[in-house]
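The values are calculated or read from the model by the stated rules, or taken from the named source; none is laboratory data. Only a predicted model underlies this, so the values are computations on that prediction, with no experimental measurement involved. Here the Cβ is made from the backbone with ideal geometry for all residues, glycine too, and neighbour counts use every protein chain on show. For the accessible areas, the whole protein counts, side chains as well, though only heavy atoms, and no ligand, DNA or RNA atoms are used. Shrake-Rupley method; radii C 1.70, N 1.55, O 1.52, S 1.80 Å.
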Amino acid sequence: MTAKPINEFLLQNSFDLETNPCVSPDFCLDWERCQKEISKGNCKEFELSRIQLEKGATLSLVKDTQHDHAWKLIGSSNANFLQDGAPINDALYFPASFENLILLKNRLQEADPESTVFPSTAGNLGKKTLGIGTRFTTLHWPAVEWAMAKLGIGLTANQNSIPRELVYNVDAMLEDNLETVPFPFIGTDVPEGHQGQSVEGMSHGSILSKLKTGYHLNRIAWSFNADHQPIGGKFDKREDLLVEGCLFASYITFDLSPELAITEVPDSESARSQYIQANISSELIQTVRTRVETLGLSLNPDAFAELSCLVWPAIQKMKQRDEKYAAIRAKHFTTTEGQAYLRELSIDELPGLTTGETTAIMLSFCEALEMPINFVAPAFGFQKNAPYPDNQRLRELIDIQWTICKQFGVSIGFHSGSGKSEENYRIMGEATGSNLEIKTSGRYTYEMGIALSQSTDPSDQELWRDWYAFTKELALAGAFAEDETERAAAREFIETSLADEQTTEDLFSSPESCRSVLDTLSPDPDHMLFFEYNFLYVLAANGSSDKSALGDHSPAGYQQRKRFYSISDEARLAYSKRVASYIIFLAKATGLSTAQTAQAVSSELESYKSFTDLLNSIAPNVGV
């Protein structure tokens, strides 16, 4: 196994895969050391991971005392089953490298096309799902696996924006070549990949998690969403690396906004007509126009031309990117199932609320260009982490979109889906016949805050206090910032957090007066200032709230990240219960699960007294 710079970085800084997982694409950092540990018997076999192979052979996952992983093959002398094999005692062992993960996917899916070890497009995943994202760790995985197993439904079990949240390429990270992402409400740009883990590492880790808990034995398909894949603009120059990193993603969200932002639409009707004649084939334009008209819609000629001019450069680049996603899967994976992926078209970045005509035009372009869309995400005017205030209006807006989408066989993606009301979710489900995906992300960081705040473990309490203090310091600094956007956001967060408290008129007369008021508050995860700033703490160097410390990919940042992976089992259980409860709530409200099933599953969830109890109940016929 060839040494990789990212593995050397982790080893040199005494980081392991237990407390800093998914940074490296590999789950074995030192194969030579791992072989020695295995030969001494210093390893643990995950019994639930065992997979029956041909001719009586079995494959399982093992972990040594340094938390490196390997594949154990028994009953076969095929040293070429995977790469870098080593005979130890009565078995062949192979390192859990990213390269071996590719080979293993082919081996398993060739023998069993319906295998649920790897993310896929099977079942209803392309029609009905919930997107479970998280902005800071991988600690939600057991809860998601438990919820899928007990509800009996497959979900988008991992969802992250790339490269915004995940490191798209670890070599670029080590070379300090990551670009930055603007966060106007914080008043600074934060390096990409602010969670710390890589997309390849997350892909690898999410698969191994399913094996460790025995989730794969339930035979319920699950998917991995590479969310908000940026199309065009400044991302052209690293398009191939973005494609490469998302190899294992079974679901791609195409975000056209980077190209839309730099596209200049001709400013006259005649100029727009000339542009279309010069750049878009008349046959394609007529195909799109005819398809839209068959839906019973009447197109305004100039509005159609204006939208076509705006989106055509992005659609061309989307087509190019789509071909690259298909090509890299065909290059590495040998089965139809392994090469398949779902597509979501994100159009909520277009100006204003999305009209039915806009949705119809965009879906018609994709259909004509042979890019079948599974989900489309219109703009409904959602605010992040806030209920939609008018349920009747919400139903009207969804009805407009669903009238179009159902004629294309496309489901609706609801972005910014966290924090809506139960009635909001019920309407989303009813209006679409549960043909939807709701993206949720910020909620799960908040749930960790609750779990830590209620833990009796001293280390958990220390982490909670430090985490809350971090968000308070960001709010205080922002409240007196020169930048108007940053200042307004911070003051809103502070005022909302103080809503039930006695406040003074001179709250923002000086930093000192503001601090004195905030210091009277007991740390609470329900405070808006915590909710809005919390996700940046995980990779803040030394836990500092200085803007220069945010999204730090140096050892100081990863030392901070280690704190979250060192929480107690008490906190892990509480966190898992809260994540699973929210998934149950969403599934029930949207009609993905019946009320009877949701009630029974909720009762079982509450019965667990230890984290081990929950883990042991994920595989079928195991546990409670």
Matching entry among 343, 329, 321 (being open to solvent by less than 60 Å² (accessible area, probe 1.4 Å), of a type outside the set (Gly, Ala, Ser) and under 14 Å from residue 230 (Cβ atoms)): 321
Residues satisfying the stated conditions in the stretch 118-134, i.e. surrounded by 20 or more Cβ atoms within 10 Å (Cβ to Cβ), of a type outside the set (Gly, Ala, Ser) and either under 21 Å from residue 593 (Cα atoms) or in contact with a helix residue (DSSP H, G or I) (Cβ under 6 Å, 6 or more places away or on another chain) (or both): 118, 125, 128, 129, 130, 132, 134
In the stretch 535-555, the residues that are assigned to a helix (DSSP H, G or I) and open to solvent by 30 Å² or more (accessible area, probe 1.4 Å): 542, 547, 548, 555
Residue count, the stretch 346-370 (criterion: outside any loop (DSSP other than H, G, I, E, B), within 23 Å of residue 161 (Cα to Cα) and either touching a residue at least 60 places away in the same chain (Cβ under 8 Å) or open to solvent by 50 Å² or more (accessible area, probe 1.4 Å) (or both)): 1
Whichever residue in the stretch 451-463 is assigned to a helix (DSSP H, G or I), in contact (Cβ under 8 Å) with a residue 24 or more places away in the chain and open to solvent by 10 Å² or more (accessible area, probe 1.4 Å) and, among such residues, is farthest from residue 382 (Cα to Cα): 459
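Residue by residue, here is whether (1) among the aliphatic types (A, V, I, L, M); (2) at pLDDT 95 or above holds:
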residue: 359; (1), (2): no, yes
residue: 379; (1), (2): yes, yes
residue: 385; (1), (2): no, no
residue: 409; (1), (2): no, yes
residue: 417; (1), (2): no, no
Spans of strands (runs of 3 or more DSSP E) in the stretch 1-118 with at least 3 residues in contact (Cβ under 8 Å) with a residue 12 or more places away in the chain: 43-52, 58-64, 69-74, 91-95
The listed residue being in a loop (DSSP other than H, G, I, E, B) and either without any contact (Cβ under 8 Å) to a residue 24 or more places away in the chain or in contact with a strand residue (DSSP E or B) (Cβ under 9 Å, 6 or more places away or on another chain) (or both), out of 201, 196: 196
Qualifying residue in the stretch 231-238 (condition: touching a Pro at 6+ places or on another chain (Cβ under 7 Å) and at positive phi): yes
Subset of the stretch 507-534 that is touching a Ser or Thr at 6+ places or on another chain (Cβ under 6 Å) and assigned to a loop (DSSP other than H, G, I, E, B) - its residue that is surrounded by the most Cβ atoms within 10 Å (Cβ to Cβ): 527
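Table: residues versus (1) assigned to a helix (DSSP H, G or I); (2) small (Gly, Ala, Ser); (3) closer than 22 Å to residue 153 by Cβ.
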site: 182; (1), (2), (3): no, no, no
site: 186; (1), (2), (3): no, no, no
site: 212; (1), (2), (3): yes, no, yes
site: 220; (1), (2), (3): no, no, yes
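Here's the yes/no breakdown for (1) in contact with a helix residue (DSSP H, G or I) (Cβ under 7 Å, 6 or more places away or on another chain); (2) crowded, with 16+ Cβ neighbours inside 10 Å; (3) modelled with pLDDT of 95 or more; (4) at positive phi:
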{"site": "3", "(1), (2), (3), (4)": "no, no, no, no"}
{"site": "11", "(1), (2), (3), (4)": "no, yes, yes, no"}
{"site": "14", "(1), (2), (3), (4)": "no, no, yes, yes"}
{"site": "26", "(1), (2), (3), (4)": "yes, yes, yes, no"}
{"site": "31", "(1), (2), (3), (4)": "no, yes, yes, no"}
{"site": "35", "(1), (2), (3), (4)": "no, yes, yes, no"}
{"site": "40", "(1), (2), (3), (4)": "no, no, yes, no"}
{"site": "43", "(1), (2), (3), (4)": "yes, yes, yes, no"}
{"site": "49", "(1), (2), (3), (4)": "yes, yes, yes, no"}
Any hit, the stretch 476-484, residues being assigned to a helix (DSSP H, G or I), open to solvent by 70 Å² or more (accessible area, probe 1.4 Å) and of a type outside the set (A, V, I, L, M, F, W, C): yes
Meets criteria (touching an Asp or Glu at 6+ places or on another chain (Cβ under 8 Å), in contact (Cβ under 8 Å) with a residue 24 or more places away in the chain and under 30 Å from residue 17 (Cβ atoms)) for residue 558: no
In the stretch 568-624, the residues that are in contact with an Asp or Glu (Cβ under 8 Å, 6 or more places away or on another chain), under 26 Å from residue 436 (Cβ atoms) and outside any helix (DSSP H, G or I): 591, 618
Considering residues of the stretch 199-229 that are open to solvent by 10 Å² or more (accessible area, probe 1.4 Å) and on the phi > 0 side of the Ramachandran plot only, the residue modelled with the lowest pLDDT: 228
Criterion: in a loop (DSSP other than H, G, I, E, B) and within 22 Å of residue 296 (Cα to Cα) - qualifying residue of 373, 398, 404: 373
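Yes/no matrix, rows are residues, columns are (1) in contact with a Gly (Cβ under 7 Å, 6 or more places away or on another chain); (2) open to solvent by 10 Å² or more (accessible area, probe 1.4 Å); (3) in contact (Cβ under 8 Å) with a residue 12 or more places away in the chain:
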site	(1), (2), (3)
376	yes, no, yes
389	no, yes, no
394	no, no, yes
407	no, yes, yes
413	no, no, yes
425	no, no, yes
435	no, yes, yes
